[in-house]
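Asker: Structure provided below as structure tokens; questions to follow.
The values are calculated or read from the model by the stated rules, or taken from the named source; none is laboratory data. The structure presented is a predicted model; accordingly, all values stated were derived computationally and were not measured. No Cβ is skipped: glycine too gets one built from the backbone with ideal geometry, and neighbour counts run over all protein chains shown. Ligands, DNA and RNA are excluded from the accessible area calculation, which covers all protein heavy atoms including side chains. Shrake-Rupley method; radii C 1.70, N 1.55, O 1.52, S 1.80 Å.
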Amino acid sequence: MSAPDPIIQGWCPGALRPMMSGDGLVVRVRAVCGQLDDAQMAAIADLSDRFGNGILDVTQRANLQIRGVTAEDHPALIDGLRGLGVIDADVSVETKRNIAITPFGGDAPRDLARDLTAALSDFPDLPGKFGFAIDTGPEAVLGDVSADIRVELNEAGQMILRADHCFTGAITSCETVIKDMIVLAEWFAAHGVENGRGRMHKLLARQPDILPKPFRGNEMPRPQQVIPAAGTIEGGTLIACAYGQITSGDLRVLSALVPGVIMTPWRAFFAPGQAVTLPAASDGLITDPNDARLRIAACPGAPKCPQALGKTRLLADQIAPALPGNKSLHITGCAKGCAASGRYDVTLTATTAGFDLHHDINTSPLAQLTSAQIAADPKFIFQGPSK
Ligand code: SF4
């Protein structure tokens, strides 16, 4: 059995416009300026238990996604989230508030994000996936994060506004950057949008010479790929989550542990200015960069998802201690693959007969195994098909 073709949506899910997944609606909570305080975290955990299935995605766009929500419960969930100040005025503003912010650099990047958020209604209509990156920390770290308009600092500390895909940018400042972003967005809306879709990098790959002159003025290298390791890092602690998701219970533990967090695109929370020691009760929170669960993606599976044909989390816990150091693993409760993001060395897909083993998800399974067989010899699944 090969995996179904992925459905490419022209928009990102939000809270007001959630996306249907196999386990129900996925309601994306876009933390304002990337920050959540302890009370917000605890309340979101409660809302996830009440209206979802108690499992939340920690996304590569630095958001939390409440999973397993029914259409009937969605309005009440939105009311609850609105009371926490994390819901936008309408879908149009929510769609535009696609802002990645460096977790580093103190308040300045978040102050700029606040100014940008306040000005979003002045921006033209943009495709649903169009986004902004505010990457003005001590070094740029969002180079691999999807965005169309980027704000960075050059070596001289000047603020640079850069169209994604370019090695050049326009010098700007705190006073002028929002106005300049609107100019760039209006130019893109006029040249790069077709049927409501379009991305900056695709437009400039097709037509590299059409960018207006000011944005072709100053050369600067694109940021390198940066993925900080979980644990204590400069300026605070990066707290990652097993399998790229957090349970409502762990979110509550986190809320009791820190006064607030900054969401990061590395599927982790940043606790600024704090050395965090995790209590034993937080079994899905991770500050050990060598924890094998950082290389495993597992959807909620049974019994959380009604479509699941297997207990993904239980199996993931059984395999993790035997996961080879250079391997990644995806365990999915059915062929929909809700938790997948990127490529994996091994995929286990639950079926009515056990789990299909794939080394290449686009070809037929190498074997069909029961969870008991896998748990008895987890290393087997990483070996070649000739064993
Ligand atoms: S079992 Fe997993 S992959 Fe399938 S619909 Fe449910 S959450 Fe999605």
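Asker: Given the Cα atoms of the chain, and with Rh set as the inverse mean 1/r over their pairs in the Kirkwood sense, what is Rg to Rh to two decimals?
Answerer: Result for the chain is an Rg/Rh of 0.98.
Asker: Further question on the same structure: Express the accessible area of the chain per residue in Å², computed with a 1.4 Å probe while the remaining protein chains stay in the model.
Answerer: That works out to 44 Å² per residue.
Asker: Can I ask one more? Just need the relative contact order of region 257-387 here, percent rounded to a whole number, with Cα pairs under 8 Å and 6+ apart.
Answerer: Relative contact order comes out at 16 percent.
Asker: In terms of modelled amide H atoms, which long-range or inter-chain residues lie less than 5 Å from the amide H of Ile233?
Answerer: Leu238
Asker: Which aspartates and glutamates, on any chain, are close to Lys129 with Cα under 12 Å apart, when same-chain ones fewer than 8 places away are left out?
Answerer: Reachable aspartates and glutamates: Glu94, Asp148.
Asker: What is the percent carbon and sulfur in the accessible area of region 92-219, measuring with a 1.4 Å probe over the protein chains and ignoring ligands?
Answerer: That fraction is 49 percent.
Asker: Using the eigenvalues of the Cα gyration tensor, what equivalent ellipsoid semi-axes result for region 293-382 when each is taken as the square root of five times the eigenvalue, whole Å, largest first? Write out the running numbers ahead of the final one.
Answerer: Values: eigenvalues 55, 39, 37 Å².
Values for region 293-382, descending: 17, 14, 14 Å.
Asker: While we're looking at this one, here's another question. How long is the gain from Ala275 to Thr363 if the chain were fully straight, where each residue apart is worth 0.36 nm and the alpha carbon distance is subtracted?
Answerer: Gain on stretching Ala275 to Thr363: 27.1 nm.
Asker: Another question about this same structure. Just want to confirm a number: the relative contact order over the chain, from Cα pairs under 8 angstrom separated by 6+ residues, in percent.
Answerer: 16
Asker: Report, to the nearest whole %, how much of the accessible area of region 271-322 belongs to carbon and sulfur atoms, 1.4 Å probe, protein only.
Answerer: On the way: 1380 of 2560 Å².
Of the solvent-accessible surface of region 271-322, carbon and sulfur hold 54 percent.
Asker: What distance in nm lies between label points placed 7 Å from Cα along the C-beta direction at Glu186 and Phe167?
Answerer: So the two model labels end up 3.1 nm from each other.
Asker: Right, here's the next one. Can you tell me the FRET efficiency between Ala39 and Glu72 if r is taken as the Cβ-Cβ distance and R0 is 25 Å, rounded to the nearest 0.05?
Answerer: Details: r = 27 Å, r/R0 = 1.08.
Here the calculated transfer efficiency is 0.40.
Asker: Still on this structure: Once the dipole of region 293-382 is set up with Lys and Arg at +1 and Asp and Glu at -1 on Cβ about the Cα centre, which of Thr332, Thr370, Pro300 lies farthest towards its positive end?
Answerer: Value: Pro300.
Asker: Could you check which residue among Val26, Val145, Val91 shows the biggest mean-square fluctuation in a GNM of the chain with a 10 Å Cα cutoff?
Answerer: Highest fluctuation of the listed residues: Val91.
Asker: Give me the percent relative contact order of region 112-213, please, defined on Cα pairs under 8 angstrom at least 6 residues apart.
Answerer: 26
Asker: Here is a further query. What nm distance separates the two modelled labels at Asp46 and Val91, each placed 7 Å from Cα along Cα→Cβ?
Answerer: Spacing of the two 7 Å Cα→Cβ label points: 3.0 nm.
Asker: Counting Lys and Arg as +1 and Asp and Glu as -1, each charge on the Cβ, what is the dipole of region 318-387 about the Cα centre in debye, to the nearest 20?
Answerer: Computed about the Cα centre, the dipole is about 80 debye.
Asker: Cα to Cα, under 25 Å, and not fewer than 8 places away if on the same chain: which lysines meet these conditions relative to Lys304?
Answerer: Lys336
Asker: Mind checking which of Asn362, Asn195, Asn63 has the largest fluctuation in a GNM of the chain, springs on alpha carbons under 10 Å?
Answerer: Among Asn362, Asn195, Asn63, the largest mean-square fluctuation in the Gaussian network model of the chain belongs to Asn195.
Asker: Put +1 on the Cβ of every Lys and Arg and -1 on every Asp and Glu Cβ in the chain; which of Leu357, Val69, Leu257 then has its Cα farthest towards the positive end of the dipole?
Answerer: It is Leu357.
Asker: Can you tell me which of Thr352, Thr172, Thr370 moves the most in a GNM of the chain? Springs connect C-alpha atoms under 10 Å apart.
Answerer: Evaluated over the chain, the most mobile residue of the options is Thr352.
Asker: Right, next: Under 17 Å between alpha carbons, and skipping anything fewer than 8 positions from Lys327 in its own chain: which lysines qualify?
Answerer: Lys379
Asker: Ile233 to Gln318: extension gain in nm, 0.36 nm per residue of separation minus the Cα-Cα distance? Don't skip to the end; give the middle numbers.
Answerer: Details: separation 85, 0.36 × 85 = 30.60 nm, distance 2.94 nm.
Full extension from Ile233 to Gln318 adds 27.7 nm.
Asker: In sequence order, what are the phi-derived ³J(HN,Hα) couplings for region 245-258 according to the Karplus relation 6.51 cos²θ - 1.76 cosθ + 1.60 with θ = phi - 60°, rounded to whole Hz, with x for glycine and proline?
Answerer: These are the phi-based 3J(HN,Hα) values: 9, 10, 7, 4, x, 5, 5, 5, 4, 4, 5, 7, 8, 9 Hz.
Asker: Once you have the Cα-Cα distance between His201 and Arg17, take 0.36 nm times their residue separation minus that, and quote the gain in nm to one decimal. Provide the component values of the computation, followed by the final result.
Answerer: Details: separation 184, 0.36 × 184 = 66.24 nm, distance 2.55 nm.
Length difference between fully extended and current span is 63.7 nm.
Asker: About the Cα centre of the chain, what is the dipole size in debye to 20, counting +1 per Lys and Arg Cβ and -1 per Asp and Glu Cβ, all else neutral?
Answerer: Details: 34 positive and 41 negative charges, 174 e Å.
So the magnitude is around 840 debye.
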